[in-house]
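Computed from the coordinates by the stated procedures, all read-outs in this text should not be read as laboratory data. Just so you know, these numbers come straight off a predicted model, no measurement behind them. Neighbour counts are summed over all protein chains in view; Cβ atoms, including those assigned to glycine, are modelled from backbone coordinates with ideal geometry.
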Amino acid sequence: MFNIRSAWVSLVVGICLLAAGCAPLVVGGAAVGSASGTYLWINGEMKTDYYSSFDRTWSACEKTIADMKGLDVEPNKEIAQGTIVAFINDEKVTFSVKYKAKNQTTVSVRVGVIGNKLSSQLLHDKISDNLGKK
């Protein structure tokens, strides 16, 4: 009797926590949650939109890699999208840059194989700083 009662209480508490937004939303096996501000953490990638042209954002990503002393840099730029793969501090880092609108570009950053949220945030901060410089 006590085990059934505690199981029900645990279930009700768990549902309340999910309804309150304290746990990430699971969509198709991918954890979706919001980081600070406009950053989105999905499947080990941190994404955000920058209110800047595609070319200017691409240049800011390249400058970020240079500032972080990235090695083995492999840019692959196409029309309206591209990726840059580099090794920064012995970690594989992938920048995906996609045109979204005239002055809006989406950038996602993955650090390592499974992603590193703190390192991705640091790189996004550097991209933002580089976009702020004229």
Check: Only one of these conditions is not met by Met46: (1) free of Cβ contacts under 8 Å to residues at least 40 places away in the same chain; (2) under 19 Å from Lys117 (Cβ atoms). Which number is it?
Finding: (1)
Next item on the list: Enumerate the pairs (first residue in the stretch 87-115 and touching a residue at least 12 places away in the same chain (Cβ under 8 Å) and of a type in the set (S, T, N, Q); second residue anywhere and loosely packed, with under 14 Cβ neighbours inside 10 Å and part of a loop (DSSP other than H, G, I, E, B)) with beta-carbon separation below 8 Å, excluding pairs fewer than 6 apart on the same chain, so at least 6 apart or on different chains.
Entry: Asn103/Tyr51; Gln104/Tyr51
